[in-house]
Amino acid sequence: GGSYPQKNAEILSSQYGINLFLAGLLLTFAWAVHAVGISKSHLLSYLITLMLIQLLWMLWYLCRSCTQRRLIRDKDTHAGARWLKCGITLFAVITLILDSFKIGYYIDFSNCLSPAEGVFPVTHAVHTILQVYFLWCHAKDIIQSFKTLERFGVIHSVFTNLLLWTNGVLTESKHQLNEHKERLMTLGFGNITIVLDDHAPQCNCTTTTLCSIFSQGIYYLYPFNIEYHILASTMLYVLWKNIGRKVEHHQQHKTPFKFHGITVGMIFGLMVLTSTIAIVVVYLIQIGGSKIKSELALTMFYLHAIFVLALMCTAGIVALLIYRLEDRSLDNSKNPARKLDAELLVGTAAGSWLLSWGSILAIICAQAHPKYTWYNLPYSVLVIIEKYIQNLFIIESIHREQEKVNDDIKTLRIVTISRGSTLSLTPSYKEIYNGRAARDSGEVPCLFKGSVCGRDNGGGAKEEMSPENSSVMHSASDFSFYSRNSVTNNKRRILKNIAAFLFLCNLSLWIPPAFGCRPEYDNGLEEIVFGFEPWIIVVNLAMPFSIFYRMHSAASLFEVNCKT
């Protein structure tokens, strides 16, 4: 009875958000294809309106929270981790730099740009600042009042960020497309023709140098803006799912990140990161220069990626084998943040899988095969396998229960034995805390697993074990305990190093597509098989998910490292 209206509110708010998003998506598409009567100012006006509505809702929520700050509120301890907030803050700062570049660009071209193009970056900057503050303060909230209204406010924020993400992806993709045809021409694919559009202003810039800096700098900052909005939408979605949720109050163990014990994984990961940056720089310089240089750049990229993906597959298999050797139960408690993480991993991986299967099919069906295209086959296969293995490792890791200290170890007593004297028992600090009731009742503390213990002899007299026997049993118990503890620590250390290595590898593989190093565009074989426009559409749809997958995997692996 009580949950029925709230379920209706959830369904209504989700439908409201979907329609809001679809309207904006069609408006974005209409601008991209130069639909009659639709200009960029219409799209920006729609986005400005959505951001202003979200700003009003966030201000209302913040004011209401300020008046009720003395009330004790439920919190979702799994949502809005500190490292996630720090990450979104970093992306937000770079997004503010992007907005400042857009403002400067508008000032230089103000004679032929609509006022909406000047208002948009200002509104977006204010929206970014307030949203980051809101997420820092309230990402963990479990809203229990004004639930129907809050559902609409939060879902509006979710889809506003998704539309801003879509707008950023489209603008960045159009810029990549403008450079793509020139690269294909250098590779000899002259039979591919398409009319490119750049939506460039139809007037001269007031200061040429500044205009060049702003126009070029904007496209290097877009990858961070794209990641900022998708992270914000996921955090807000978790907040929406938590509205009206009843949580079980239990102690949440803090899992701080520590560099201790992950030196090997960090060293190998940093080596991959450094080499990847070098490969990207060389690729961007060489590609499009000449046919020979472009082919060498593609070959270099494929060989490096094959090596890195093979290492990642090996590391993931080792981690899964260690999990198979352990007998630990999974945590199946309701957790919206963890469920969303798993769904995003599998859902966004589909983007890479689509591109990989397209490349495999193109290699099989193509009549002519330039030498460099054969490296694309093992690369595409490894991309599919690596994501299979990594997804399984991450999802199992975030669902595994944290290791708990055994109750017998908690009550371990430190026994001091002196030959020829009475038995001396020295309790540990944990015994004083955990075993206080036992001593008050007159029980004699014992050493765990068969060490010194007072035993009754029928008539009630207590018989003490000989020092020799107790020493042998004490040594055997210690050896068994420390050997088990040593094996467990070694497994944990290996898993932490693997998580650290995969974390840096995913950051490394995020860099190339985010900054324009995209062999799916440049090798030309897929365009010959599928046609230029169909393949470009597939790449433009799948690539944003592929880029987000790497960043989301890096964030999830950071959490795995903290939890292990």
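The values are calculated or read from the model by the stated rules, or taken from the named source; none is laboratory data. These numbers were taken from a predicted model, which means no experiment stands behind them. Neighbour counts are summed over all protein chains in view; Cβ atoms, including those assigned to glycine, are modelled from backbone coordinates with ideal geometry. The protein model used for the area step is the full one, side chains on, heavy atoms only, and it has no ligands, DNA or RNA in it. Shrake-Rupley method; radii C 1.70, N 1.55, O 1.52, S 1.80 Å.
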Quiz item: In segment 284-321, which residues are within 27 Å of the chain's Cα centre (by Cα) and at pLDDT below 90?
Solution: Leu284
Quiz prompt | Checking Leu84 against (1) of a type in the set (A, V, I, L, M); (2) within 20 Å of Asn335 (Cβ to Cβ); (3) in a helix (DSSP H, G or I); (4) touching a Pro at 6+ places or on another chain (Cβ under 8 Å), the condition it does not meet | solution = (4)
Exercise. Give the residues of segment 29-62 that are open to solvent by 50 Å² or more (accessible area, probe 1.4 Å), in a helix (DSSP H, G or I), of a type in the set (A, V, I, L, M, F, W, C) and at pLDDT below 90, sorted by residue number.
Key: Phe29
Exercise. Scan segment 347-368 for residues that are open to solvent by 70 Å² or more (accessible area, probe 1.4 Å) and either in a helix (DSSP H, G or I) or of a type in the set (Lys, Arg) (or both) and jot them down.
Key: Leu354, Trp357, Leu361, Ile364, Cys365
Exercise. Kindly provide the set of residues from segment 246-283 that are hydroxyl-bearing (Ser, Thr, Tyr) and at pLDDT 70 or above, ordered by number.
Key: Thr263, Thr274, Ser275, Thr276, Tyr283
Exercise. Would you check if there is a residue in segment 77-84 being modelled with pLDDT of 85 or more and of a type in the set (Val, Ile, Thr)?
Key: no
Practice problem: Please find, among Glu117, Glu172, the residue that is within 15 Å of Leu98 (Cβ to Cβ), in contact (Cβ under 8 Å) with a residue 40 or more places away in the chain and open to solvent by 30 Å² or more (accessible area, probe 1.4 Å). | Solution: Glu117
